[in-house]
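A short worksheet on the structure shown next.
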Amino acid sequence: MVTLGARGLRVGYDRGTVLDDLTVDLTGGTRWVVLGANGSGKTTLLSVLSGALRPTAGQVLRNGQPLSYRPRALAEHRRVVQMVLQDPDDQLFSADVAADISFGPLNLGLSPDDALARVDEACALLTLDHLRDRPVHQLSGGERKRVAIAGAVAMRPQVLLLDEPTAGLDPEGIDDMLGVLDRLEEQGTTVVMATHDVDLALAWSTRALVVGGGTARVGDTTEILSDTSVISAARLRRPWPLELTARLIDAGLLPADGQAPRTMADVVALLDDR
Ligand SMILES: Nc1ncnc2c1ncn2[C@@H]1O[C@H](COP(=O)(O)OP(=O)(O)OP(=O)(O)O)[C@@H](O)[C@H]1O
Ligand SMILES: [Mg+2]
């Protein structure tokens with residue numbers, strides 16, 4: 001299993017520093033969320049971890065080893081760690097869906113037949129078969145998001161960095177996306193997802209990284225999202241299952257020492273137990 005991390009990472013743009021002396025270790029789980037307010041540095045962090053953005057100081061670590069920015073080492077890193085951008089239009093450029101998905105595999109040096117097999121595999125996983133010959137610019141936003149993810153999945157990465165993969169999706173689209181992530185996890189892929197959706201973060205992930213003020217907090221998702229100081233510093237809100245449980249505890253309707261619920265089913269089970 002591939003693990004990512006960073007040591008003493010400093011990243012900034014011309015207007016100032018976004019990540020400052022950041023040291024994190026993304027171990028202990030295969031479902032990660034990166035949380036934080038707008039402009040806190042989620043996209044910046046994913047870009048640095050993907051190797052696309054080079055830090056001003058510090059190192060990205062893969063399996064504890066510093067990432068080298070020599071072309072061959074970087075190509076190897078990108079084969080293992082794939083990032084899907086926040087806006088699919090920044091990623092998709094081929095004439096049709098199948099051509100876009102095959103771009104990465106062909107670039108890896110796979111034969112046209114092998115690249116086609118990768119396209120078939122990715123289209124099946126993302127339920128894109130019916131769209132594979134369509135021009136990308138005719139697709140809906142949600143469909144384009146799926147194509148962008150298919151392009152990354154076709155590289156068979158071990159770590160998939162997804163920047164806001166559920167933003168703009170309808171409820172069924174979000175469920176479908178989570179189903180895709182389940183299947184990727186079964187295949188051994190670690191997924192790191194930047195999101196604003198704290199309810200989704202609580203229900204889906206086991207580990208969370210919260211960025212803000214140049215630094216980061218890492219931990220168990222339920223613990224992180226139960227910590228009101230972390231939540232308010234990051235301009236997030238408490239996920240509804242934790243908020244509701246806190247109010248039911250205050251009202252004396254639930255014991256204070258129970259297990260924290262992550263989903264609707266967990267909340268119902270807690271109430272059933274009463
Ligand atoms: N290419 C760039 N040039 C200059 N500044 C940038 C660039 N990209 C990002 N920034 C700045 O860096 C900061 C962090 O941006 P980033 O996109 O990483 O935030 P984010 O947490 O992903 O935000 P959002 O939730 O809005 O997606 C912001 O203040 C942003 O304006
Ligand atoms: Mg972003």
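For segment 167-181, backbone phi angles converted through the Karplus equation (6.51, -1.76, 1.60; θ = phi - 60°) give residue-by-residue couplings of 5, x, 8, 6, x, 5, x, 5, 4, 4, 4, 5, x, 4, 5 Hz, Gly and Pro being listed as x.
Take each peptide in 69-76, 36-43, count the other Cβ atoms within 10 Å of every residue, and average; sorted highest first, the result is 36-43, 69-76. Relative to the dominant Cα principal axis of the chain, helix 141-153 is inclined by about 70°.
Fully extending the segment from Ala167 to Ser140 would add 8.4 nm, taking 0.36 nm per residue of separation and subtracting the current Cα-Cα distance.
Suppose R0 equals 22 Å; then what is the FRET efficiency for Tyr69 and Asn38 from their Cβ-Cβ distance, rounded to the nearest 0.05?
0.15
Computed about the Cα centre, the dipole magnitude for segment 72-207 is approximately 560 debye when only Lys and Arg (+1) and Asp and Glu (-1) carry charge, each at its Cβ.
Going toward the positive end of the dipole of the chain, with +1 on Lys and Arg Cβ and -1 on Asp and Glu Cβ, which of Leu4, Val192, Leu160 do you reach last? Working it through, the farthest residue towards the positive pole turns out to be Leu4. When each of Arg31, Arg183, Arg62 is scored by the number of other beta-carbon atoms lying within 10 Å, the sequence from fewest to most is Arg183, Arg31, Arg62. One chain, two ends: His130 and Asp266. Fully extended at 0.36 nm per residue, the span grows by 45.3 nm beyond their Cα-Cα distance.
Placing unit charges on the Cβ atoms only, positive for Lys and Arg and negative for Asp and Glu, gives segment 106-172 a dipole magnitude near 140 debye about its Cα centre. Only helical runs count toward this figure. For the chain, summing -39,500 (n - 2.57) over DSSP H runs of n ≥ 4 and dividing by all residues gives -12000 deg cm²/dmol at 222 nm. Shown for Asp129, Asp87, Asp100: other C-beta atoms within 10 Å of each C-beta, ranked fewest to most, produce the order Asp129, Asp87, Asp100.
Please give the length that would be gained between Ile249 and Arg237 if that part of the chain were fully extended, namely 0.36 nm times their separation in residues minus their C-alpha to C-alpha distance (nm, one decimal).
Roughly 2.5 nm would be gained on extension.
Since every read-out is calculated from the coordinates, none of them should be taken as a lab result. If you're wondering where the values come from, they're calculated on a predicted model, not measured in any experiment. Positions of Cβ are backbone-derived with ideal geometry, glycine not excepted, and every protein chain shown enters the neighbour counts.
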